[in-house]
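Step one of this worksheet: look at the structure below.
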Amino acid sequence: MNLASTVEKIDIASLLPGELEAFCRENGQPAYRAAQLFSFLQSGASLEEMSSLPKSFRAFLAENCLFTLPSVEEKLVSAIDGTVKYLFRLHDGECVESVFMRYKHGNTLCISSQVGCRMGCAFCASTIGGKIRDLLPSELVGQILAAQRDTGEKVSNIVMMGIGEPLDNYENVLRFLKLVNHEKGLHIGYRHISLSTCGLAEGILRLARENLPITLSISLHAVTDEKRSALMPVNRRYPIKELLAACVAYYKTTERRISFEYTLIAGKNDTVEEARALAALLKNAFRGTKAPLHVNLIRVNEVKESGFSRPDKEGARRFAEALLAEGVNATVRRRLGADVNAACGQLRRKTLKEKGQKENKE
Ligand code: SAH
């Protein structure tokens, strides 16, 4: 066996400045190198571009460290609004998706947190092949760096709504948040970061204890445990009551507004009665707090394997109005990049399938 392949390489781009200092010291470099190295790594520089580091140190890094910056495997640009959908290839050949969206208030990147997902939501393309692995903190930052490099524009907002369940990759996601927020790194404010979860209540409570002012989004999608469990298996572990209790605790600690995501599926969860029940559920849970209640409505993106269909615009409008009438703020999400937006996870699946077919033929 090749000895080199048995030695684990160090993922230095996942290290925070203090840890990089220790790394430099242990490897005979002065502490100030750590600051240089951190800025290089958090700007996506290649080893060749780190020319102010001594050549011997660069050779040492090349041999002992893992470089995880994703490369652009495929890129679809919307003819309608310029939204860019990326399929990024990771250092081990796996792929994830990110979406670059331009808004008046700045550019937003929607990033993936895992390769695949094990949460099993019935309407979601990302979970069909299960979870392959967690993304490293450096690969979470890497999606932003690669998108910035490719577009030549800065990303000012991040949403963790791509492939994967961020709270199922808790440690790496937390480290990622600290890396991107660092003033010597991308320096993106916590308030400009949203994290979306299918409802891992324990993770929400853990995150509350960190007390970071990020925005939490909860994928709710149904108002009874029976219906929610049928759509989202995670609900069997953390039923609605427990999930909402965790949300209230999160709000009480952070005082950050929580937004609830509700994907409308024709004939499954889209009646006006369900809109009223949703308003009652949220108002009840947050009674006695000052939390503003906000629901984002999304008409389901049709995924062939799931067989669910989209309600029409009028149906979504009626659902939103019923919520508003009950004092719950609701918006029907505008779809950016409708022409490239194969529902999240579909571009990766398409590529996997095409590859599979090619390999089968060969
Ligand atoms: N795992 C996290 C984040 C990834 S999914 C979560 O569950 O929140 C991001 C959002 O897209 C979630 O609200 C998810 O429920 C929703 N979603 C997944 N598949 C969808 C589809 N086919 N149509 C509409 N929304 C979908």
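The values are calculated or read from the model by the stated rules, or taken from the named source; none is laboratory data. If you're wondering where the values come from, they're calculated on a predicted model, not measured in any experiment. Don't worry about glycine lacking a Cβ; one is built from the backbone with ideal geometry, like all the others, and counts go over all protein chains shown. The protein model used for the area step is the full one, side chains on, heavy atoms only, and it has no ligands, DNA or RNA in it. Shrake-Rupley method; radii C 1.70, N 1.55, O 1.52, S 1.80 Å.
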State which residue pairs qualify: first residue open to solvent by less than 10 Å² (accessible area, probe 1.4 Å) and inside the range 136-165, second residue of a type in the set (Asp, Glu) and within 15 Å of the ligand (Cβ to nearest atom) in any location, beta carbons under 8 Å apart, and separation of 6 or more residues or different chains.
ILE163/GLU97
Go through the range 324-345 and give me each residue that's at pLDDT below 75 and open to solvent by 50 Å² or more (accessible area, probe 1.4 Å).
ARG334, ARG335, ASP339
For the range 172-180, state whether one or more residues are in contact (Cβ under 8 Å) with a residue 60 or more places away in the chain, closer than 24 Å to LYS9 by Cα and surrounded by fewer than 17 Cβ atoms within 10 Å (Cβ to Cβ).
yes
Would you mind telling me which numbered condition in (1) within 16 Å of the ligand (Cβ to nearest atom); (2) open to solvent by 10 Å² or more (accessible area, probe 1.4 Å) GLY189 fails?
(1)
Of all residues in the range 35-60, which are in a helix (DSSP H, G or I) and within 29 Å of the chain's Cα centre (by Cα)?
ALA35, GLN36, LEU37, PHE38, SER39, PHE40, LEU41
Checking GLU97 against (1) within 14 Å of the ligand (Cβ to nearest atom); (2) acidic (Asp, Glu); (3) not in a strand (DSSP E or B), which test does it fail?
(3)
Scope the range 63-74; condition surrounded by 15 or more Cβ atoms within 10 Å (Cβ to Cβ) and of a type in the set (D, E, K, R); matching residues
GLU73, GLU74
For the structure I just gave you, tell me whether LEU212 is within 14 Å of the ligand (Cβ to nearest atom) and either out of contact with any Gly (no Cβ under 8 Å at 6 or more places or on another chain) or without any contact (Cβ under 8 Å) to a residue 24 or more places away in the chain (or both).
no
Sole exception among (1) without any contact (Cβ under 8 Å) to a residue 60 or more places away in the chain; (2) open to solvent by less than 50 Å² (accessible area, probe 1.4 Å); (3) more than 17 Å from HIS182 (Cβ to Cβ) for SER78, by number
(1)
Are any of the residues in the range 166-175 of a type in the set (Asp, Glu) and closer than 27 Å to LEU37 by Cα?
yes
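Here are some residues: ALA230, ALA222, ALA316. Which one is assigned by TED's automatic domain parsing to the domain that holds ARG191, within 15 Å of the ligand (Cβ to nearest atom) and open to solvent by 50 Å² or more (accessible area, probe 1.4 Å)?
Checking each option against the conditions leaves just ALA230.
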Of all residues making up the range 41-62, the number that are open to solvent by 70 Å² or more (accessible area, probe 1.4 Å) and touching a residue at least 24 places away in the same chain (Cβ under 8 Å):
0
If you check every pair at least six apart or on different chains, which have Cβ atoms under 6 Å apart with a residue in the range 272-290 that is over 14 Å from ALA246 (Cα atoms) first and a residue that is in a helix (DSSP H, G or I) and hydrophobic (A, V, I, L, M, F, W, C) second?
VAL272/ALA322; ALA275/PHE319; ALA275/ALA322; ALA275/LEU323; ARG276/ALA322; ALA279/LEU323
Subset of the range 256-307 (residues that are assigned to a loop (DSSP other than H, G, I, E, B), crowded, with 20+ Cβ neighbours inside 10 Å and within 15 Å of the ligand (Cβ to nearest atom)):
ILE265, LYS268, ASN269, ASP270, VAL300, ASN301, VAL303
Would you say ALA316 is touching a Pro at 6+ places or on another chain (Cβ under 7 Å) and either closer than 27 Å to THR83 by Cβ or assigned to a loop (DSSP other than H, G, I, E, B) (or both)?
no
What number of residues within the range 118-134 are assigned to a loop (DSSP other than H, G, I, E, B) and either away from the ligand (no atom under 13 Å from the Cβ) or outside the structural domain of GLY185 (by TED's automatic domain parsing) (or both)?
2
Kindly indicate whether LEU243 is assigned to a helix (DSSP H, G or I), over 30 Å from GLY142 (Cα atoms) and not assigned by TED's automatic domain parsing to the domain that holds PHE40.
yes
